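Take a look at the structure below.
Values in this text are rule-based calculations from the coordinates and carry no lab data. Please read all numbers here as calculations on a predicted model, not as lab measurements. Note that each Cβ is placed from the backbone with ideal geometry, even for glycine, and that neighbours are counted across all protein chains shown.
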Amino acid sequence: MSFPKKPGGKATDILQNLPRITLANLRPEPGSKKLEQRRGRGQHGGNRSGRGHKGERQRGNRPRLGFVGGSTPFYLAIPKYGYNEGHSCRPQYQPLSLKRLQYLIDLGRVDPTQPIDLTQLVNARGVTVQPLKRDYGVQLVDEGADIFAAKINIEVQRASEGAIAAIERNGGVVTTSFYDPISLGILIKPVPFFLRGQPIPRRMLPGEDMVPYYTNAENRGYLADPEKIQQARLALAQKYGYILPDISKDELYHMLSMRKDVRQIFFGLAPGWVVNMTEKKILKPTDEKLLKYYSS
Amino acid sequence: MAAFMLSRRTAVLCRTLKGISASKTVLPANSQCGLLLQTASYNPRPLRLNIRDPYIPDKDSEKTPEWQKTAKYDRKLFGRYGSASGIDPASLWPSHKELDKIIAEENEWHPPLEVMLKNIAIKEKAETEKRLAKEKLIAANMAKMPKMVADWRRQKREAKLKLKEEKARRTKLLAEARERFGYAVDPRSPKFLEMVAEIEKEEKKKKKLLKRRLKEEQAAGVVQPPPTSS
């Protein structure tokens, strides 16, 4: 006989003839579900129900946490020192390791063929940023620099030297930029902002304490001189011992060279525009004063 | 125009409005709206805008709460329902007065980059100057140190010597007194003091005699050589 053999064989027959999966047909893997301990039942759970013998333990009247029987407790005996002083005014940056970034790119959650922004990272659920908890954005961390292999155009708020080196070694581009808290809230949740019906605000400049960081080419700041950034790229390549790939000859050069304007929050959207989600329209102001303000 | 970054929700919204309902679809680059749309690789949260049955409050009636008549609520209505909310889009932007206020506030609280850089430069200069002055002072003082150390050591040595001398003199006087009076005299007693005064007088006399003799010798010495030389 020259019947072509059906692929799968008996397995497909079985699968096709079995009844549909319902709750009645399913059971958990043996050993995966451990029965919970029920107090007050049986020889071992009963009697005093695991509470001990008399006293405060059994009667549930133990003193508060930290109490040590009357002497000065540890948390009061140790003198205060200003380690946490002003902690609520300190800017925090959620760390993003290169290992996690590579993981997201590999799973297809983050598209390396488009500029990677904080919006993209939050959409991909790669990081969770809380602007109300003094988060000022995301920082790149070196962990996973040895396995990182993706050519990307990424924009973060802070980046360590090793992370910058790893990304540039693979032919990518890093930029550090500043988002004030309102702009950050808009950046991570653009759709609720568009539903508010407000015009896109201008991004504010960093404060005096952060201006030196963002004007420094070593940190690839967005306020730094592009020539100095190129020099810094070469210097970093020499320091870490890799050949700096020439991105101008790259096919994705246009994408890699996309940068946001200093006052811009979104790629392709300028400050002052109103984005309407229902009608998929963008409204732009025509008044000269408004235009002058928004484009200054 | 450069590629537009729309979030998943808008991508899904576009797709659902066009009648496609699949979570992972690859749209052609030039679809009907001529834009490059991004795909979502998992099911995003649906945006329930409630377009069919919008609630637009009646501005004139008294029953509507105050907060539904504010400009903020109007903007939110426009954001949710678009032109169907019946709000003039021109009211979304700040008026001229409000804009002036905003510009004034920004000028006060957010100085431009040049001003900030200048301030930073000034601060840095002041800091470096202070540091340099301090370092100069330290260097100058350190240069003086060897001399000061030597001075101090010399002073200490001299003080020690003086003490030794003083002690020697005292023991000598005591011995002298012992010899004279025949018993150990208390250095504080008047007898001892008288004895000390006597000894000093004698010594002074001796010194005077010595000086006179020296002068005579010198005079004699000076006088003698000229006659011999000439």
Practice task
Determine the shape class of segment A:92-266: with a ≥ b ≥ c the square roots of the Cα gyration tensor eigenvalues, call it rounded for a/c under 1.5, and otherwise prolate if a/b is greater than b/c, oblate otherwise.
Solution key: prolate
Practice task
Go ahead and estimate [θ] at 222 nm for the protein assembly as shown from helices alone: -39,500 (n - 2.57) per DSSP H run with n ≥ 4, summed, over the residue count, rounded to 500.
Solution key: -14000 deg cm²/dmol
Handout entry: Exposure proxy order (Cβ contacts within 10 Å, fewest to most) of A:TRP273, B:TRP67
Key = B:TRP67, A:TRP273
Fill in the blank from the handout: Each label sits 7 Å from Cα toward the beta-carbon; between B:VAL149 and B:GLU203 the label points are separated, in nm, by 3.8
Practice task
Mind telling me which of A:GLN264, A:GLN139, A:GLN16 comes out most flexible in a GNM of chain A, alpha-carbon contacts under 10 Å?
Solution key: A:GLN16
Fill in the blank from the handout: Site B:GLU108, offset 7 angstrom along Cα→Cβ, radius 13 Å on amide nitrogen, limited to segment A:205-242, gives none
Completion exercise
Comparing A:ILE21, A:ILE78, A:ILE105 in a Gaussian network model of chain A (Cα, 10 Å), the one with the largest mean-square fluctuation is A:ILE21
Exercise for the section: Would you list which lysines come within 22 Å of B:LYS205, measuring only between C-alpha atoms, while excluding same-chain residues fewer than 8 positions from it? Expected result: B:LYS172, B:LYS191, B:LYS215
Handout entry: Set of aspartates and glutamates near B:LYS69 by C-alpha distance (under 15 Å), chain-local residues within fewer than 8 positions excluded
Key = B:ASP58, B:ASP60, B:ASP88
Completion exercise
In order over segment A:113-126: 3J(HN,Hα) from phi, Karplus 6.51/-1.76/1.60, θ = phi - 60°, whole Hz, x for each Gly or Pro, gives 8, 10, x, 8, 10, 5, 4, 5, 5, 6, 4, 7, 6, x
Completion exercise
Between the modelled labels at B:VAL222 and B:LEU49 (7 Å from Cα along Cα→Cβ) the distance in nm is 12.5
Exercise for the section: Sum up the charges of everything whose Cβ sits under 14 Å from the Cβ of A:SER88, counting Lys and Arg as +1 and Asp and Glu as -1, but leave A:SER88 out. Expected result: +1
Exercise for the section: Please report how far the C-alpha centroid of segment B:163-230 lies from that of segment A:227-296, rounded to the nearest whole angstrom. Expected result: 101
Problem - Estimated distance in nm for a label pair at A:LEU76 and B:LYS160, the labels positioned 7 Å out from Cα along Cα-to-Cβ - result: 5.7
Handout entry: Electrostatic dipole magnitude of segment A:1-137 [Cβ: Lys, Arg +1; Asp, Glu -1; Cα centre; debye, to 20]
Key = 1080
Problem - Greater than 32 Å apart at Cα, pairs in A:LYS228/A:LYS280; B:LYS76/B:LYS101; A:LYS239/B:LYS130; B:LYS160/B:LYS207 - result: A:LYS228/A:LYS280; A:LYS239/B:LYS130
Practice task
Would you kindly derive the ³J(HN,Hα) couplings of segment A:41-49 from the backbone phi angles with the Karplus curve 6.51 cos²θ - 1.76 cosθ + 1.60 (θ = phi - 60°), listing them in order in whole Hz, with x for Gly and Pro?
Solution key: 9, x, 5, 8, x, x, 6, 9, 6
Completion exercise
quick note, chain A, DSSP beta bridge pairs, % antiparallel (nearest 5) is 20
Problem - Loop-resident sites, segment A:52-150, for GluC sites (Glu not before Pro), counting at most 16 other Cβ within 10 Å (DSSP) - result: A:GLU85
Problem - Sites B:GLU194 and B:ALA168, calculated FRET efficiency, Cβ-Cβ separation with R0 30 Å, nearest 0.05 - result: 0.85
